[in-house]
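K.L.:
Below is the structure I would like to discuss, written out as structure tokens.
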Amino acid sequence: MAGAIIENMSTKKLCIVGGILLVFQIVAFLVGGLIAPAPTTAVPYMSIKCVDVRKNHHKTRWLVPWGPNKCEKIRDIEEAIPREIEANDIVFSVHIPLPSMEMSPWFQFMLFIMQLDIAFKLNNQIRENAEVSMDVSLGYRDDMFSEWTEMAHERVPRKLKCTFTSPKTLEHEGRYYECDVLPFMEIGSVAHKYYLLNIRLPVNEKKKINVGIGEIKDIRLVGIHQNGGFTKVWFAMKTFLTPSIFIIMVWYWRRITMMSRPPVLLEKVIFALGISMTFINIPVEWFSIGFDWTWMLLFGDIRQGIFYAMLLSFWIIFCGEHMMDQHERNHIAGYWKQVGPIAVGSFCLFIFDMCERGVQLTNPFYSIWTTDVGTELAMAFIIVAGICLCLYFLFLCFMVFQVFRNISGKQSSLPAMSKVRRLHYEGLIFRFKFLMLITLACAAMTVIFFIVSQVTEGHWKWGGVTVQVNSAFFTGIYGMWNLYVFALMFLYAPSHKNYGEDQSNGDLGIHSGEELQLTTTITHVDGPTEIYKLTRKEAQE
């Protein structure tokens, strides 16, 4: 009776396969830790206060903080008062990147957060629920002498959340408020060499625009982008892994279709998991080097969502197909209670991502967290997704417990078998449990490395060797799930070896009574493995 490769492969060969996969896993971590630089770089920018005294501000030339055509500057706001420069004439200008540097498509994205330096004044305090309204223009060019081209022009409102720790008295005037950082801008591609931000704070007392926001002294930005060196390592990994997973996927499905029976649900789900892994592996990011594709971040989120939804569904179905619960399974409809939370949670996260990065395709300054309604909506989506995730894990833990209990109960019939047959089935049960533990270890490693990457400084040093922890997390976990899917398709592919049919009962040491027992236990049930057939037949009886 044919089973899966994991059941018919000798222990020695199985250990060799496991050792090879472990070596590749270690290499995946070392590539990120020793070869790749840190995943991202944060660059601080201090805005330059330029003066624009023209009447029609929206159609004036761009104000550049430095260079041959630099703007007229003021050092601080106090300098503007004796020169009779109004607030509407001050433009906070930021050139990206810093002098003598240029941006690159290898940076993949740009994320900016804003910090406002607001001084306390008795006659100009920050009101409750104050909102700063900024008129922001974003331009780009690809050399130092061409004209700037407008990329975006938006009114950008942001709510201020500031506290003043000192007593609000005259002697404490000039001290700064402690304000939360504000999300400012996100662009999904870096297709140009130079970018320019012109930020205005228009004041209109009649419409209560920028009134009661304190005295803004400076605007500071922090720009975060992906390191070019890390991008190259990441692209190389995806380029290497794509054909590897695709080849094993084609080989796996070819073995399935060569069988006389139709594929069962578990085999279809493993194949679907391979498709989702291939989808996330395809290195379409190479095109972002030559094309201005701002939707790449959103597309990457969608690909990851599909893979993780498929992975969670696989775990549920894998456990369910090995349960002895008297239910006729082998149909996706039989798992609607367990798969339902996955679908709802994935849909909520998809809507949340579309509300954030989907809108940013046309307005890079948009953030769903900047308004009360947007914040409540975002939190609602995240909470619903979190509840669905908790329900899923409750279902999963219950099913894993049931599977282990049922298979352990089945072991009570093993002593009645011959030694050879008993050892064969003990090996099958051990390998099934081992795969379940490997799955748990992969999930635990993902969580552990994520926590470590958040609480550490980003790198560790041993002597003269620097290990980039965050890079090792990305490449190691990415490689780990590829190896996991690879191992599933390889080990659960139908084996060409047979037990019980190609070998005589005498060779296995099976007596007639035992043969009858095994026949009534594991025959007439189609499935990928003998453990699967064992449990499914038990459920039928």
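The values are calculated or read from the model by the stated rules, or taken from the named source; none is laboratory data. Because the structure is a prediction, the values reported are computed rather than measured. Neighbour counts are summed over all protein chains in view; Cβ atoms, including those assigned to glycine, are modelled from backbone coordinates with ideal geometry. For accessibility, only protein heavy atoms count, side chains too; no ligands or nucleic acids. Shrake-Rupley method; radii C 1.70, N 1.55, O 1.52, S 1.80 Å.
K.L.:
Do you know which residues across the range 156-190 are more than 17 Å from Asn363 (Cβ to Cβ) and in a strand (DSSP E or B)?
P.N.:
From the range 156-190, those more than 17 Å from Asn363 (Cβ to Cβ) are 159-181, 190; that's our starting set.
Matches in the range 156-190: Lys159, Cys162, Thr163, Tyr176, Glu178, Cys179.
K.L.:
Moving to a separate point now. Does Lys208 satisfy the criteria of being surrounded by fewer than 16 Cβ atoms within 10 Å (Cβ to Cβ), more than 20 Å from Met46 (Cα to Cα) and touching an Asp or Glu at 6+ places or on another chain (Cβ under 9 Å)?
P.N.:
Numbers: surrounded by fewer than 16 Cβ atoms within 10 Å (Cβ to Cβ): yes; more than 20 Å from Met46 (Cα to Cα): yes; touching an Asp or Glu at 6+ places or on another chain (Cβ under 9 Å): no.
No.
K.L.:
So which residues in the range 435-453 are at pLDDT 75 or above and within 18 Å of Phe486 (Cα to Cα), if there are any at all?
P.N.:
Residues satisfying the conditions are Leu435, Met436, Leu437, Ile438, Thr439, Leu440, Ala441, Cys442, Ala443, Met445.
K.L.:
Same structure, new question: Do we have any residue at all in the range 147-166 that's touching a residue at least 24 places away in the same chain (Cβ under 8 Å), basic (Lys, Arg) and farther than 20 Å from Gly374 by Cβ?
P.N.:
No, the range 147-166 contains no residue that is touching a residue at least 24 places away in the same chain (Cβ under 8 Å), basic (Lys, Arg) and farther than 20 Å from Gly374 by Cβ.
K.L.:
From the residues in the range 198-212 that are part of a strand (DSSP E or B) and touching a residue at least 12 places away in the same chain (Cβ under 8 Å), which one is farthest from Ala87 (Cα to Cα)?
P.N.:
As a first pass, look at the range 198-212 and keep what is part of a strand (DSSP E or B): 198-200, 204, 209.
Cutting the leftovers down to touching a residue at least 12 places away in the same chain (Cβ under 8 Å) gives us 198-200, 209.
Details: Asn198: 14, Ile199: 12, Arg200: 9, Ile209: 12 Å.
Only one residue tops the list, namely Asn198.
K.L.:
A follow-up question, please. Given the conditions (1) out of contact with any helix residue (DSSP H, G or I) (no Cβ under 8 Å at 6 or more places or on another chain); (2) surrounded by fewer than 18 Cβ atoms within 10 Å (Cβ to Cβ), and given that Arg303 satisfies all but one, which numbered condition is not satisfied?
P.N.:
(1)
K.L.:
One residue is enough: does the range 400-411 have a residue meeting the conditions at pLDDT 85 or above and open to solvent by less than 70 Å² (accessible area, probe 1.4 Å)?
P.N.:
Looking through the range 400-411, none of the residues is at pLDDT 85 or above and open to solvent by less than 70 Å² (accessible area, probe 1.4 Å).
Rundown of residues vs (1) surrounded by fewer than 19 Cβ atoms within 10 Å (Cβ to Cβ); (2) in a helix (DSSP H, G or I); (3) at pLDDT 85 or above, yes/no style:
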| position | (1), (2), (3) |
| --- | --- |
| Val250 | yes, yes, yes |
| Ser260 | yes, no, no |
| Phe279 | yes, yes, yes |
| Phe299 | yes, yes, yes |
| Phe314 | no, yes, yes |
| Met324 | no, no, no |
| Arg329 | no, no, no |
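K.L.:
Given (1) among the β-branched types (Val, Ile, Thr); (2) under 30 Å from Val136 (Cα atoms); (3) without any contact (Cβ under 8 Å) to a residue 12 or more places away in the chain, where does Val250 come up short, assuming only one miss?
P.N.:
It is condition (2) that Val250 fails.
K.L.:
Would a scan of the range 227-243 turn up a residue that is assigned to a helix (DSSP H, G or I), open to solvent by 20 Å² or more (accessible area, probe 1.4 Å), aromatic (Phe, Trp, Tyr) and more than 30 Å from Asp372 (Cα to Cα)?
P.N.:
Yes, because at least one residue in the range 227-243 is assigned to a helix (DSSP H, G or I), open to solvent by 20 Å² or more (accessible area, probe 1.4 Å), aromatic (Phe, Trp, Tyr) and more than 30 Å from Asp372 (Cα to Cα).
K.L.:
Got a number for residues in the range 133-148 being open to solvent by less than 80 Å² (accessible area, probe 1.4 Å) and either part of a loop (DSSP other than H, G, I, E, B) or within 15 Å of Glu215 (Cα to Cα) (or both)?
P.N.:
The initial filter retains those residues of the range 133-148 that are open to solvent by less than 80 Å² (accessible area, probe 1.4 Å), namely 133-144, 146, 148.
Add one more test, that the residue is either part of a loop (DSSP other than H, G, I, E, B) or within 15 Å of Glu215 (Cα to Cα) (or both), and what stays is 133-134, 142-144, 146, 148.
Qualifying residue count, the range 133-148: 7.
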